[in-house]
Amino acid sequence: MDNNYSNFMDFGTPDDTIAAIATPRGSGAIGIIRVSGPDSTSIVENLLVRDSSSPFPPAPRKMTLAKIIDPSNGASIDRAMIAFFKAPDSYTGEDVIEIFCHGGILITREILSLLISAGARAAQPGEFTCRAFLNGKMDLVQAESVLDVINARNRAFLDAALKQLSGSLSSRIKNVRNNLLSLLSIIEVVIEYPEESSDQVPASDIKPVIDRAVSDLSNLLDRANSSNISNNAVGIVLIGKPNAGKSSLMNRILGYDRVIVSDTPGTTRDFVTDWFSSGGFDFEIMDTAGITNTENIVESEGIKKSFSSVKNSDIILALFDGSAEWNSDDDTVIDAVSEYKNVIPVITKKDLDKLIDTYRISDQFSDTDIICSSTKSGEGLDELLGRIACLAESSAPCSSDSLILNLRHRDLITMAMDSLCKCMENLGSVPDDILSIDIRDAVDALGRITGEDTSSDLLNTIFSNFCVGK
Amino acid sequence: MKKTDYYDVIVVGAGHAGVEAALAVARMNLDVLLVTINLDTIGLMPCNPSIGGPGKGHIAREIDALGGEMARNIDETHIHIRWLNTSKGPAVQALRAQADKLRYQSRLKHILESNNKIYLRQGMVTKLITQENYVKGIVIDTGERFYTGAIIATTGTFLNGIIHIGEKKFPAGRLGEFPAVGMTESLQELGIETGRLKTGTVARVNSKQIDFSRCIEQKPSSIPLAFSYFTTPAPRKQLSCWITHTTSETHDIIRSNFDRAPLFSGQIKGIGPRYCPSIEDKVNKFPDRDSHQIFLEPEGLGTNEIYMMGLSSSLPIDVQKAFINSIPGLENVDIMRPGYAIEYDFVFPTQLRPTLETKKIRNLYLAGQINGTSGYEEAAGQGIVSGVNAAASILGLRPLVIKRHEGYIGVLIDDLITKGTEEPYRIFTARAEYRLSMRFDNADTRLAMYGHEYGLISDEKFDFLNKRINIINSEIDNLEKYHVLNDAPSKFSAFVSKSLRHALKAPETTYGDLKDLNSSYPPVDDDDLTSRIQIEVKYEGYLKRQKKQIDEFKKYESISLPEDFDYDKVEGITVEARSKLKNIRPASVGQASRISGVSPADITVLIYFLRKASSR
């Protein structure tokens, strides 16, 4: 842990623009994302579809309605209120934009990611307040009250950091960083001990190491992207026999037609996953293949997957078709979930004639109320979401800071990759001391994730690998 | 003649730190008593007879920009000078020179003797006189007392020094010199904590016994060069250096005598420098290498003594002789002086302020090896800073603190006082975050204003430097006004109608090409200036990027932390951070952020409390 996070240069350059989710997770219907820095208006503008008659940035300290899109594909993200605070009359003393969007980590996180793609940097805990202080915007009362919040956040930040660092992320990053350090030490030893060798390090020795590091880091980013949300959201799986109404219920919960619904049983073979927020929690919901006794190889593979996804999920929604007679497939579903406590039994299609023998379910789930729902009328849906939230509370999701940390990591990894790409561009056309600047920047960025100090690590690497000196 | 026993400043020790310290004080017009154990060893080079190289050469140049003596002294006394790292880029190239060891010393001594403000005195300091945590004077071995307003201790390896040569060990300051006894104990009584370090040097041999035909010649620069901004390079008599190498026989001899090496037997307890290992250490740590390079360096025009870089050892003399004779070219040499290791006391440098004053005792300054460093340049850099600060304290001037972005001297001092050191500290260019901005060529733009501010650089010399800097700046603008013409050589055709400045940015273009690109452009006729212009233009993008980083860095450096700041009152910082902060008592938030174990979170919390404290 030597020198962990000790580099205050973490706080970026003075004229960069930072962004972070300002509201804690689970705090309610509205999420606030704060952007501060000289480029905050131009960065936010990228994400907005505005009424052409309204100016941008809007008049300071006035709420304006705006539609937020993903500028890469024009997809609509949210409708939000935007408030602009012009420097120096803002919290930080810089140009600040606050985006008030719908609450929950999904939308806020999505917007934050877009801001970062548009050129903002993920802020660190306390960084807004730090800027505020440095720009002389803090008075005593504010300092006192903000301090408490920061302390709490910082401790959570460190906890999350430690959790992350003990995992594979850390060892992968360390691995890349060590390879770069070795490369740097080869360059540096020739610089520091010119008597021992007068030649530059050949580009052919440098290129493969950088290529490898860039590809390792880009793999890491891909992995981080795909696992990011699921790591932090509560997992819900829908299980039931074919045509039990799983896809319809999922669409209803999500509020839009995510899954193609068909009356033909067995339509869902490729599992569909999506995310939603409710009651202050974020959920990852997964539709599965209908459970049935089948000879079809593809279908039976899907069913196997359904069983295993039950095992890995935080909440299981066991669906039974209220409009159909009980059959052996329903028994299989009962068997599959019987050992789990986090099951919510749902009888679907309440709007249709009831044919199912309810007692078969109540017999199995004697201490749980059965929810009767209709996706047509919406009946039972509120009750279902309430029960889901109750179970979510007991499944202890991660703190919001760990997600912010992820973004910080991603930011730093991207910085490292940018530096390495710059280095590759210049390879062969600049001397070693210039080349080393970009490699060192990359090592610095990665070291800020793992909490390591470049200068001392570099000298250690030199002295352990090379025999130099008088 | 001095009429009283009171001096404005007393400097203890006349090595590379002490000499610069005394000169700085004297040049600030204060009386200074320079006390040394032996007047014949002023400015001695007990190890390599050389100055410069990457990092070290940068420091010598910085000392020159501050108005110190080192660069001028080596310019007047070198017997071999050349550029290093010329192919590796502008940030890391530096001069290195071999000194005529005796002439280096005698010139320095004469500079001191000729200064009316400096009083030289042979003697060993046995005790510091203090009163209520202020220094008042010294007692020397004759029993005499001298009184003062400030003391600068630059004791090198002398404090309780013990030399090891094989199984033999004996007290000494350097080989053939008395150790300083009493001073460490005096410091400890004042509450200053000390530790023990080890360093060493190589045997010297007689050049007439060397077969140079078996060595590779390393020639000096064919054109005259100079370290100092104020020296006009002139031809001097130059000697070559020579390269040979150890053999597997050398390594066998060393390996079979590991049991007699004080380094391995536990006889030596102090920690030695990793970057400067003894030959037995190299053979031990890198058993796969069957050869190491050895540089044979002449020690002067008037002597045959040869320094053998790469062969530092504290093995017994018979083993030293045997392994030296196993090296090509050295088969028939005798040892003139043996190599040895020396252990000595040093003060943990985290007890110092950025001014090099101790936090415990007011107006007691420490510089050089006593602070855990190694190297003449490192010592001299601290010497001039301590000298200026001791004098500034007496004169009521603001202290001189060189920041990490301003010079290697700043990096060196900040590392020492913030992180401490566990081995003798040597500068490396890799220690600097802003290497490209702190080049050998631009020490004047970084530091000369300080030299001028404190009177170490005269108005005349300052003007001279500024005129040159102005030429560089105006010429860079001028390059924007001329454009590449159609008749430019074909390899530059891509730049036609672009500015000369633009063309010069391309890796393949040199300043010398510009006259071919536009025949009406009047080129500057001064190699030193044109190379500086070329660096500024070629690396403008990188320099701008670094400038941004530096601006951010300065922000935190400028928030100062009072030394009596009550860290116990700061709620919300970690226990580890609190104890480190209380121990080191950083001078600024920037310095605090570099202490290991202090996190950005701790720093943020600290800033609030500071703000709070200052508004009360």
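The values are calculated or read from the model by the stated rules, or taken from the named source; none is laboratory data. Bear in mind that the values here come from a model prediction, so they are computed numbers and not experimental data. Note: ideal-geometry Cβ built from the backbone for every residue, glycine included; neighbour counts use all protein chains shown. Heavy atoms of the whole protein, side chains included, go into the accessibility calculation; ligands, DNA and RNA do not. Shrake-Rupley method; radii C 1.70, N 1.55, O 1.52, S 1.80 Å.
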Checklist entry - Can you give the FRET efficiency for B:M336 and B:D525, using 1/(1 + (r/R0)^6), R0 = 45 Å, r = Cβ-Cβ distance, to the nearest 0.05? => result 0.40
Checklist entry - B:D463 to B:S114: FRET efficiency via 1/(1 + (r/R0)^6), r the Cβ-Cβ distance, R0 22 Å, to the nearest 0.05? => result 0.35
Item to check | Mean Cβ count within 10 Å, highest first, over the residues of peptides B:302-313, B:232-243 | outcome: B:302-313, B:232-243
Item to check | Qualifying lysines (Cα of each under 25 Å from Cα of A:K67; at least 8 residues distant if same chain) | outcome: A:K86
Checklist entry - A:N175 versus A:A75, label points 7 Å from Cα toward the beta carbon: distance in nm? => result 3.0 nm
Item to check | Inter-probe distance in nm under a simple model that places probes 7 Å from Cα toward Cβ, at A:V298 and A:D222 | outcome: 2.6 nm
Checklist entry - Which helices, counted as full DSSP H runs in chain B, have an axial Cα extent of no less than 27 Å and a Kyte-Doolittle average of 0.5 or above? => result B:376-395
Next on the checklist: Can you give me the % of accessible surface on the protein assembly as shown that is carbon or sulfur? Probe 1.4 Å, all protein chains present, nothing else counted.
Outcome noted: 50 percent
Checklist entry - Using a ≥ b ≥ c from the Cα gyration tensor of segment B:204-340 (square roots of the eigenvalues), is it rounded, prolate or oblate, where a/c under 1.5 gives rounded and otherwise the larger of a/b and b/c decides, a/b for prolate? => result prolate
Item to check | chain B - convex hull of alpha carbons, volume per residue in Å³ | outcome: 184 Å³
Checklist entry - Taking each residue of A:429-440 in turn, how many C-beta atoms of other protein chains fall within 10 Å of its C-beta, and what is the average? => result 6
Next on the checklist: If amide hydrogens are placed 1.01 Å from N in the peptide plane, which non-local residues have theirs closer than 5 Å to the one on B:A180?
Outcome noted: B:L159, B:N160, B:G161
Checklist outcome for this item: FRET efficiency for A:D382 and A:K86 from the Cβ-Cβ distance with R0 = 45 Å, rounded to 0.05, comes out at 0.55
Checklist entry - Fully extended, how many nm does the chain gain between B:R362 and B:I129 (0.36 nm per residue separation, minus their Cα-Cα distance)? => result 82.7 nm
Item to check | At 1.567 mPa s and 4 °C, Stokes diffusion of segment B:36-138 via Kirkwood alpha-carbon radius, µm² per second | outcome: 82 µm²/s
Next on the checklist: From the phi angles alone, apply the Karplus equation (6.51, -1.76, 1.60; θ = phi - 60°) to segment B:270-286 and give each ³J(HN,Hα) in whole Hz, x where the residue is Gly or Pro.
Outcome noted: x, 8, x, x, 6, 7, 9, x, 6, 5, 5, 5, 5, 5, 5, 7, 10
Checklist entry - How many nm separate the modelled label positions at B:E508 and B:D564, each set 7 Å beyond the Cα in the direction of the Cβ? => result 6.8 nm
Checklist entry - What percent does the relative contact order of segment B:204-340 come to when contacts are Cα pairs within less than 8 Å and at least six residues apart? => result 38 percent
Checklist entry - Ranked from highest to lowest mean number of other Cβ atoms within 10 Å per residue, what is the order of the peptides B:350-361, A:81-92, A:66-77? => result B:350-361, A:81-92, A:66-77
Checklist entry - Out of the DSSP beta bridges found with both residues in the protein assembly as shown, what percent are antiparallel (nearest 5)? => result 65 percent
Checklist outcome for this item: Within 10 Å of the Cβ of an average residue in B:89-97, the count of other chain Cβ atoms is 4
Next on the checklist: Taking the solvent-accessible surface of protein heavy atoms with a 1.4 Å probe, what is the per residue accessible area of chain B in Å²?
Outcome noted: 37 Å²
Checklist outcome for this item: per DSSP, antiparallel bridges as share of beta bridges in chain B, % nearest 5, sits at 70 percent
Checklist entry - Given the convex hull of the Cα atoms of segment B:58-209, what is a quarter of its surface area in nm²? => result 14.0 nm²
Next on the checklist: At 20 °C and a viscosity of 1.002 mPa s, what translational diffusion coefficient does Stokes-Einstein give for segment B:438-509, taking Rh as the Kirkwood radius over Cα pairs? Give it in µm²/s as a whole number.
Outcome noted: 147 µm²/s
Checklist outcome for this item: Whole-Å distance linking the alpha carbon centroid of segment B:469-541 with that of segment B:388-420 is 38 Å
Checklist outcome for this item: Once accessible area is computed for A alone, B alone and the pair with a 1.4 Å probe, the total buried surface, to the nearest 100 Å², works out to 5900 Å²
Item to check | Computed over segment B:499-616, Cα set: Rg, Dmax in Å | outcome: 23.9, 70
Item to check | Value at 222 nm in deg cm²/dmol, rounded to 500, when DSSP H runs of n ≥ 4 in chain B each add -39,500 (n - 2.57) | outcome: -10500 deg cm²/dmol
Checklist entry - What would the Debye formula give as log10 I(q)/I(0) at q = 0.19 Å⁻¹ for the alpha-carbon point model of segment B:469-545, no solvent? => result -0.73
Next on the checklist: I'd like the mean, over residues of B:550-556, of how many other protein chain beta carbons sit within 10 Å of each residue's own Cβ.
Outcome noted: 4
Item to check | Restraint check, B:K419/B:K580; A:K341/A:K376; A:K207/A:K422; B:K467/B:K498; A:K349/A:K376, Cα-Cα greater than 18 Å | outcome: A:K341/A:K376; B:K467/B:K498
Checklist outcome for this item: Given pairs B:K505/B:K554; B:K403/B:K548; B:K56/B:K269 and cut-off 18 Å on Cα-Cα distance, the over-length ones are B:K505/B:K554; B:K56/B:K269
Item to check | Reach of A:K241 by Cα under 13 Å, taken over aspartates and glutamates that are not fewer than 8 positions away in the same chain | outcome: A:D263, A:D287, A:E299, A:D321, A:E325, A:D329, A:D330, A:D331, A:D335
Checklist entry - If you project the alpha carbons of the protein assembly as shown onto the principal axes, what extent comes out on each, in Å, largest first? => result 118, 70, 70
